[in-house]
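J.: Got a structure here, written out as structure tokens. Questions coming.
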Ligand code: COA
């Protein structure tokens, strides 16, 4: 697949998707969002990819939706733009292969929303996060009003949404918006190590955790637990389950095949 606004590189079963419009701080124009959709589908379907790192070129992860495109949108165009982006970001959230947002700099607006759609967020000490949409007279349109309170709680979410303030990585960590903060030169290596640890596990078990959490998180406890039990049962049909348990009992590392 070839991309205009992204790079897509696979090394050792890890796909690194890099948003690559550094002169515009990787602002998400519609074409870039569409390419993000193609890229996650490429990662999801390729057998040589087990996990995804998503980052930005230059001094931003993503500094938001491209304001030059939003400026003249009609209400109908805006609604369509929002729905199209939401569906693409969901592809990251529901990916059966783990996704990590690697936050190398400005992570604002649609950038923060994209990061929240990934399974984990690892931030450089220099990253700056926020949802500044209210300063432009809009609300977040790519899931921010929904994912932010689920991730950091209603009060902290409302603070960020209503002030539009930019916070540093340490504050984002304190709020639970990012999972780890590291020095800029250790960022990619740290994210890669975390991804390696994840993809060393049984792929269908990873997918089962992601699906149970995604489908069950907003349900009453009993319904969520029923989804978990289904996954637990389904995974007992896999040869990877037998391999994982046999390897433990034989005191050797498992060799998983994804079957
Ligand atoms: N949409 C379109 N262009 C953007 C952009 C966005 N969201 N964010 C940055 N850019 C562009 C700037 O217009 C500028 O382009 P130019 O060189 O052609 O003028 C370039 O990226 C560099 O940005 P600049 O503002 O000069 O850098 P800075 O270091 O002074 O400020 C930010 C960095 C992130 C604080 C500032 O760019 C900003 O506030 N961006 C918008 C953030 C935002 O509101 N996002 C939500 C959008 S819904």
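J.: By how many nm would the segment from residue 247 to residue 72 lengthen if fully extended, with 0.36 nm per residue of separation less the alpha-carbon distance?
T.: Taking 0.36 nm per residue and subtracting the Cα distance, the gain is 57.0 nm.
J.: Would you mind checking the tilt of helix 221-235 against the longest principal axis of the Cα atoms of the chain, expressed as 0 to 90 degrees and rounded to 10?
T.: Around 50 degrees separate the two axes.
J.: I would also like to ask the following. Using a Förster distance of 30 angstrom, determine the FRET efficiency expected from the C-beta separation of residue 180 and residue 48, and round it to 0.05.
T.: The value I calculate is 0.65.
J.: What shape does the range 6-199 have by the C-alpha gyration tensor, where a ≥ b ≥ c are the square roots of the eigenvalues, rounded means a/c under 1.5, and otherwise prolate means a/b greater than b/c and oblate the rest?
T.: Here the range 6-199 falls in the oblate category.
J.: In which sequence would 113, 35 go, from the one with the fewest C-beta neighbours within 10 Å to the one with the most?
T.: 35, 113
J.: Please compute one quarter of the surface area of the Cα convex hull for the range 73-179 and express it in square nanometres.
T.: For the range 73-179, averaging the hull's shadow over all directions gives 6.4 nm².
J.: Can you compute the modelled spin-label distance between residue 83 and residue 217, with each label point 7 Å from Cα toward Cβ, in nm?
T.: Distance between label points: 2.3 nm.
J.: Using label points projected 7 Å from each Cα along Cα→Cβ, tell me how many nm separate residue 150 and residue 23, to one decimal.
T.: 3.7
J.: Note the angle between two axes, namely the Cα long axis of helix 154-163 and the longest principal axis of the Cα atoms of the chain, as a number of degrees from 0 to 90, rounded to the nearest 10.
T.: Around 30 degrees separate the two axes.
J.: What Kirkwood Rh does the range 203-250 have if only Cα atoms enter the pairwise 1/r average? Answer in Å.
T.: Its Kirkwood hydrodynamic radius stands at 11.4 Å.
J.: Here is a follow-up. What shape does the range 15-55 have by the C-alpha gyration tensor, where a ≥ b ≥ c are the square roots of the eigenvalues, rounded means a/c under 1.5, and otherwise prolate means a/b greater than b/c and oblate the rest?
T.: The shape class here is oblate.
J.: Rounded to the nearest 0.05, what FRET efficiency do residue 139 and residue 94 give with R0 = 25 Å and r taken as the Cβ-Cβ distance? Could you check?
T.: Between residue 139 and residue 94 the formula returns 0.60.
J.: Next up: Using every alpha carbon pair in the range 1-75, what percent of pairs falls into each 5 Å bin from 0 up to the bin containing the largest distance?
T.: Result returned by the calculation: 4, 17, 25, 22, 16, 10, 5, 2, 1.
J.: Any idea what angle helix 239-249 forms with the longest principal axis of the chain, computed on alpha-carbon atoms, 0 to 90 degrees, nearest 10?
T.: Compared with the principal axis, the helix lies near 70 degrees.
J.: Take 2, 95 and order them by how many other Cβ atoms sit within 10 Å, fewest up front.
T.: Going from sparsest to densest Cβ surroundings: 2, 95.
J.: Which of 1, 116, 166 has the fewest other C-beta atoms within 10 Å, and how do the rest follow up to the most?
T.: If I rank by nearby Cβ atoms, fewest first, I get 1, 166, 116.
J.: Just to be sure I follow: if Rg is taken over the C-alpha atoms of the range 128-254 and Rh is the Kirkwood radius over the same atoms, what is Rg/Rh?
T.: That ratio is 1.09, to two decimals.
J.: Give me the one-decimal nm value for the distance between modelled label points at residue 10 and residue 163, 7 Å along each residue's Cα-to-Cβ direction.
T.: 4.4
We did not get these values from a lab; they are worked out from the coordinates using the rules stated. Note that the structure is a prediction, hence the values are computed from the model and not measured. Positions of Cβ are backbone-derived with ideal geometry, glycine not excepted, and every protein chain shown enters the neighbour counts.
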